[in-house]
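Read-outs: derived from the displayed coordinates by stated rules, not from any lab. Since we're looking at a predicted model, the values are computed, not measured. Reconstructed Cβ throughout: ideal geometry from the backbone, glycine too, with neighbour counts over all protein chains shown.
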Amino acid sequence: MNFSRSLASAATALRAPLRAPSFFAHHFATFFATFFALGALFLAPAAHAQTAPVTAAAAWARPTVQGQLASGAFMRLTAREPVALVGAETPLAARAELHEMKMEGDVMRMREIASLDLPVGRPMMLGPGGYHIMLQGLKAPLKPDMRIPLTLMFRDASGHTSKLELTVPVLAHAPDEGGAKKP
Ligand SMILES: [Cu+2]
């Protein structure tokens with residue numbers, strides 16, 4: 001029995017998923033990034049948390065009826081530096097996930113994504129029918145004209161995380177930003 005060789009192969013096996021540009025590598029990285037991002041949230045006083053180089057505009061969340069446990073939050077994000085949206089949270093929901101919607105054949109489906117890269121200076125739209133933030137396990141219905149706190153988490157290429165605190169109005173439709181429709 002060659003103990004050191006089996007250790008070496010175990011080490012290779014452990015490293016392999018992280019090296020491969022695979023589905024698993026992507027999710028391993030996301031897991032650890034999320035782990036450290038959450039750790040940072042607990043350890044760092046909120047006032048010291050790095051504010052993300054991102055601005056959000058026209059944010060809104062869709063109202064829900066009694067008994068409805070999920071809803072979507074939407075906004076337009078513009079990054080000043082290359083970062084990816086990697087997570088979200090709100091005290092009003094058990095989880096806030098990043099989702100995308102895509103046509104699969106004739107059926108529109110949504111699935112969770114680990115992160116969403118934001119191009120520098122070009123607005124990224126999160127809206128119905130596309131990327132969105134899915135609020136899951138709502139603790140109370142979202143009523144029109146409520147305003148809900150939502151924290152977005154971002155990560156840059158070096159793994160540095162930052163966040164953006166938003167207050168999102170609950171609206172039946174995307175907010176009218178004015179000027180665009182009326183002469
Ligand atoms: Cu969704």
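Odds and ends about this structure:
- Highest to lowest packing among 113-120, 147-154, 75-82, scored as the average C-beta count within 10 Å: 147-154, 75-82, 113-120
- Cβ-based exposure ranking for LEU142, LEU166, in which fewest neighbours within 10 Å come first: LEU166, LEU142
- The GluC sites (Glu not before Pro) of the range 71-102 include none that DSSP puts in a loop with a beta carbon having at most 15 other beta carbons within 10 Å.
- Model label zone, ALA172; criterion: amide N under 18 Å from point 7 Å along Cα-to-beta-carbon; scope the range 98-140: 128
- Cα gyration tensor shape for the range 58-109, rounded if a/c is under 1.5, else prolate or oblate: oblate
- Spin-label model, MET101 to VAL65: label points 7 Å out along the Cα-to-beta-carbon direction sit 1.8 nm apart.
- Ranked by the mean number of other Cβ atoms within 10 Å per residue, highest first, peptides 156-162, 51-57 order as 51-57, 156-162.
- Ratio Rg/Rh [Cα only; Rh per Kirkwood] for the range 46-169: 0.97
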